[in-house]
Structures are given as C-alpha cells and as structure tokens.
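Rule-based calculations on the coordinates, nothing more; no lab input. Nothing here was measured: the structure is a model prediction, and the numbers come from that model. Every residue, glycine as well, gets a Cβ built from its backbone with ideal geometry; the counts of neighbours run over all protein chains shown.
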Amino acid sequence: MTLVQVVVSGLLIGGVYALLASGITLVLGVMKVVNFAQGELLMVSMYATLLLNDGFGVHPYVALPLVTVGMFLVGLVLHGGLLRWTISGGHSQQIVLTLGVAISLQSLALLFLGGDYRTLQMEPFLGGSLQVGGISIGTTRLAAFVIAVVATGALLLLLDRTLLGKAIRATAMDSNAAQLMGIPVQRVYLVTMGIGVALAGTAGAALMPIFSVYPTVGVHLLLMGFVVVVLGGLGSVAGAFLGGLIIGVVEAVSSYLISASWSQAIVFAFFMIILLVRPQGLLRGDVA
Amino acid sequence: MTNRRAHSLMSLTLAGALVLTACGGGNDDSGSGGGGGGTSGEDLTIGVLLPLTGPLSPLGKEMLNGYEVARKTINDAGGIDGRQVVYEVSDAPTPEAATSVAGTLSADPDVSLIMGSYSSSIAIPASAVASRNRKLYWETGGVSAELTGRGLDYIYRTVVSSGMPVYQNGAADFITDVAATALGADAGDLRFGLTYTDDAYGTAGADAFTALAKANNLDVVASESYAASASDLSSVIEQLKSAEVDVLYAVGGITDAILLVRQSDELGFNPDLIVGNGAGFSDKGFVKGAGDAANGVVVADAVPLHISDDVLNEDLSPKYSEFTKSFENEIGYEPLTHATLGYAGAMVLFQEVLPNADPADVESLVKAAKAVDVQPGGTVAGFGVKFDETGQNERAGWYFMQYQDQKLVAVAPDEFAASELLIGE
C-alpha cells in the first residue's frame, strides 16, 4: 500500500518534469535549438504568478492562462529579437545565446526581486489533500499533474490535427523542403518558440503553489528536464511526458526503497543505462 | 531527425547542462558594501563573509542584519578606541565562493579579521583559508563540530558546537524530560524518527541526535536523509508513516523544512511532536511558507527568543529589550535567532576583544580572544563566552522554542522558558 502511495507521488512530480521537458523538446525538435533559458523562463513565470497573487490577489490557477499567454509573447520577442539571428549560425551560437539569456534573467531576478525564498500564500486548495482508497494525494500536486496532462494533450492535438501543426512537423522534418512547399518557415519558428516558452509559463504557474521561488530555482529543474527530454526521445512530446513520469517514479521509488539521498545518483545511473541500451530515447520524435 | 544529428544534439545538450549546473552554483559577485564610513585610516575594517545570494541567503542576510545593528550600536557609542567600525561585506553563496572570498579578504591588509558565516558549509572552507593566511576568523553561526575540531590556530566561535555536551545533553534533557512529560509517556516507549539533509549541517545534526538516542536508549525507528534541493519528500514521509513515528527530529534548511511540514500535512502524517533543528525551522520564511502547519513545531536553536531582561545579567549593555528595539527601528521587524546570534557574537568582538588588542596584529587579537570571560547571561543570546584551546566558546548554550500562534516562544530550559510545551497543535 505504501509503495502504491510512493508511486502515485512519483507520478505526480513526474507530470511536473514532463511539463518542463515538453517546451524544451518542442523547440529542440523543430528548430534544433537547445534552449538553456527554459529553466529561467520557468523562474520568471513563477515570479509572475507570485506577483499577480501578491499584488492583485489573483489565484494561481486563474493566473495560469494569463501567465501562459504572457510567456507566449515573451517567446515571440525572444525569437524575433534574438534567436532568429542565430538559427543559421549553428549550435555554439545558440547555446551561448540561450545560456546568456539564462544568466541575465537570473541576475535580473536577483537584482530586482532579491535572493530570498518566496512562497505563495493561499488557502489550502480543495482542502489540501484528497483520500482515495487509503492514498493521500496533495491537491496542488494533482492540479499540476492534470495541467501537465491537458497541456501535453493539447500540444499533441495541435501538432497532429491542425494546419499549423502540419507546418511545424514539416519544418521539423526538413526546413528547406518545407520552404519550397510554401511554408513560411521563419513564422513557424516564431510560433514554435512562443509555444515552447508558453509551456514554461504553464509549468511556472502550476508549480508556484507547490514550491518556493528564488532566482536559481530553474537550474535543478532544468537538469531534470534535459534528462527527461533525452530519455523520451529528442523532439518527442509524448516521449517527454512518458519520460517525465518514469523519472518521477524512479526517483520516488528509489528514495523509498534505498534512500532519498541516493535518489539523484540512481536517476542518473538509470539515465546512463537508457543511453547505452536505447540511445535514441523511448519514442520517435513527433516533430522530428 | 537523422541519427548523427540526434547524437550531436544529445551530446551538446549534456555538455550544456553540465556548463549550466556549474554556472548555477557560482554567483560569485563578491563586492563591498554596508560600510558607510568610507575607508579613512581611522576606520576599523572587518571583513564580513556571508552567503547573501542563493539558497543560504535568507539566514545569511538575517545574520548580516544582526551585524549591522551591532556596528551601529558600537559606532553610536563612539566606536572602538575612537575608531568607527566599517564592514567589507563579501558574498559567499557556496563553499567554492567562500574559499575565494576568504582568500581575497585575508590578503587585504586593511581587513583586521573576518567575521561570518552562518553556515558550516561556508565556514569550514573559509576558516581554513583564513587560518592559512594568519587571519583571525570569528564565527557566529555555523555549529558543525568539525569547524573548531581541525586544530586551526585562528578560529574563534561564539555559537555552540554540535560536539559540545550542552548541545547533546540539552536535546536529551528536553526529549526525555520536557517532551516525554508533556506527552505523558516514558521516553523509552516513544518511537522516534530522524530526517536530515545530506550536507555538512544536516549530517552533523543527525550524528549528534543518533549519539543522543544511543546514550538515552531512545527507540529510533526511522532515519532518512535527502538532498536539500529535493522537490518531493513523499517517500521520506511514507517511511516515517509506516514506521509509526511519535516524535520526529528534523534537521534541515528552509525549503525542505517547509516541504516536509506541508507534505506531512497533505499525506496525513501527524506525529505527536516535531522537533526541528535550527536553520530552516527558525527562518522567518518558514512560518510564511508552512502557515498553520508550523504551529506546535519545536525548534532547537543556539539562542532563546522573546526572553525578558530579568533572566540576563544586570550589567549587560545594551539590554535585550534595547537590542530588539533598535533592531526593529533599523530593520523593521523583530530579530529572529540568526540576527540575535550575529548581534551577540559581534558585540562580544567589539566590547571584549578589539578594545584589548591591536587590530592589525593577529597574535594580539588571539591573546585578547583567549582572555575573554563573559559570565552566563552576559550576552543577549543568553550564554556567556569563554573560549577553550580549540577556539570554541565553552559557555555557548542550546535552547528550545515552540511555534505558538505562528510565533516562536522559549519553552526550555526552565530559566528561559516563557511558556509550557503544547502538545497536539
């Protein structure tokens, strides 16, 4: 019974990892850009949620669509103003650029918001926890999981069923051919970056009721995000979701069965084994 | 995506991730500030080494607040031998940064000594560098026994060491006597759980508790460590739950302290008593983050809060109430444990050491430090000060407080208690 509880908790935190990873994997699959600023964009979204709550009393789940849309715009600006110039410039330029954005955002947060840990003050959401057959489920964690499922589902539908999705997939497969077919590749990149950053916005708003925020909060989570992306298969949104759940469960179960201080070592050992056995990741990319 | 392309992307991702982790840890923006009085030859410059950014910063800043109030108090009273005290404040968020900042401060001839550093993980490397460079290191916050246990010549610590009998017996007396009585049970019949972070502070606290449990025949049914950056403690809490823990002893930092208390609530783990060891549990952000889940949590820390002037020595100046008043005026809220520790430690330095020494001569500072003899009740932190041969204050104390209506109130030892221990909050 206890093990079931641990697995459920692992699945819930895994949903959070998945949400973070899906933004990275989308941008990676379509634009071939590794966005190292995703963790910091998550941090910005968490602060935005916190400030909306502190300043205007907006409930974090009401703030979620606002932050998501806001971050979509941030993504457009980020691409239009900076990233588009490096698309043809190769990986080293893109890595330096996104790392630079990451470090700037960290420093700006430190400068203007301070290094303190800040926690969102809210009434327990739906009583704080639910009891299902002897298993307790934290409601804020459940909400984050549901949000991750909905966001991943919506993204897959968008990629699979819409003209925009088709254009995104075509661009991911071969950007030159896509351009020859009349697809406005630069605009596809722009929108893809917007969606990728919007996913960080969704993740940030969903995380704020669970975690404290501070300028370097993104670093640890981003590392997990990368592990999930590679595990799930580069460019695979469904793979990112699956990978997130697997990493969450491996982390929780190894904490329970062995020791919590070993969980990180075990997660990365597991990651190395996957790389050796199945280096392409679990699933083939939906967008690559 | 072709296979080769996928591989090169993957290796880039991994390499970048490594770079990023390295970047994330090192916010080494050591700078000066908080000095106020310029750098004329008349001023007395003290190097302040604290984590002011990053995960350790909330309590590092709190300690700096205590230092600032002490500096203002002493300067308003005319300074030390007519010289105004100025600080050279340096940020040391990580052990690596502490090493480099301590090196810079030690090499500065204007800096008389280094004062810091709240966290043992910062103090251990920083004091090693300072000692190697023959600079006095005045520690007011880190409690790890290792700090003064390495035979360094130039380290003096005003706060308690986790290796001291008072630290271990204080907790033992509290648990076997105060807590067991309040729980209406014999301590030997209670089931104890232990959780701690796997860093220097956490393991030091956990080792001390394990030794205590052994000496007092306490039944420790679960012992769990975790990384301070953990984002989910449900597996730890499940272990405690299935071990049917009555009393939980928790050592940790602020984010995991909040996470532990909140998730315990969510997962229905309700021990009769939670005893939190210092750091995270006494941070002002803890009550904010944990809310009502904080009530009833007992905090063991190196200083008692909300005490009356009567329990301290008559000749202590400024008195406890005067200190809290000037702190509220300067900083804007009541001083918590780390501010009080910082203030008390700095005042001992300003009133007992520096006036009796040549600040430019480290041997003269050592001589003055060795001669310090402050009786118990002679600081606002309650304890007296006398250093043993390792530089540890052998009169340092260890106190217990409980969150009651989201406010810390001293409950033990008896001479400082302002309220009884409440059970079932």
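Averaging the Cα positions of each part gives two centres, and for region B:77-122 and region B:224-292 these lie 33 Å apart. Take B:246-253, B:108-115 and order them by the average number of nearby Cβ atoms within 10 Å per residue, most first; the result is B:246-253, B:108-115. For peptide A:97-107, the mean count of partner chain Cβ atoms within 10 Å of a residue's Cβ comes to 2.
Averaged over the residues of A:260-268, the number of partner chain Cβ atoms lying within 10 Å of the residue Cβ comes to 5.
Counting only whole DSSP H helices of chain B, the ones at least 20 Å long by C-alpha along their axis and with mean Kyte-Doolittle hydropathy no lower than 0.0 are B:3-25, B:200-215. Look at the dipole of the protein assembly as shown built from charges on Cβ: of B:Gly285, A:Ala170, B:Val299, the Cα furthest out on the positive end belongs to A:Ala170. Each Lys and Arg Cβ is given +1 and each Asp and Glu Cβ -1; about its Cα centre, the protein assembly as shown then shows a dipole of about 3920 debye.
Think of each Lys and Arg Cβ as +1 and each Asp and Glu Cβ as -1; about the Cα centre, that makes the dipole of chain B roughly 1220 debye.
For chymotrypsin sites (Phe, Trp or Tyr not before Pro), the sites in region B:273-344 that DSSP calls loop and that have at most 13 other Cβ atoms within 10 Å are B:Tyr333. Put in order of Cβ neighbour count within 10 Å, fewest first, the listed residues B:Trp398, A:Trp262, A:Trp85 become A:Trp85, A:Trp262, B:Trp398. Take each residue in B:220-233, count the other chain C-beta atoms within 10 Å of its C-beta, and the mean is 5. Each peptide in B:57-66, B:291-300, A:246-255 gets a packing score, the mean of other Cβ atoms within 10 Å over its residues, and the list from highest to lowest is B:57-66, A:246-255, B:291-300. Rounded to the nearest 20, the Cβ-based charge dipole of region B:174-307 about its Cα centre (Lys and Arg +1, Asp and Glu -1) stands at 260 debye. Here B:His306, A:His79 are placed in order of increasing Cβ neighbour count within 10 Å, fewest first, which gives B:His306, A:His79.
Nearest 5 percent is fine: what portion of the DSSP beta bridges confined to the protein assembly as shown is antiparallel? The answer is about 30 percent antiparallel. Distance distribution P(r), the protein assembly as shown, all Cα-Cα pairs, bin width 20 angstrom from 0: 18, 47, 29, 6, 0 percent.
With springs connecting C-alpha atoms under 10 Å apart, model chain B as a Gaussian network and identify which of B:Asn277, B:Asn393, B:Asn216 has the largest mean-square fluctuation. In this elastic network of chain B, the residue with the biggest mean-square fluctuation among B:Asn277, B:Asn393, B:Asn216 is B:Asn216. For chain B, the residue among B:Leu105, B:Pro376, B:Ala418 whose Cα projects farthest onto the positive side of the dipole built from Cβ charges is B:Leu105.
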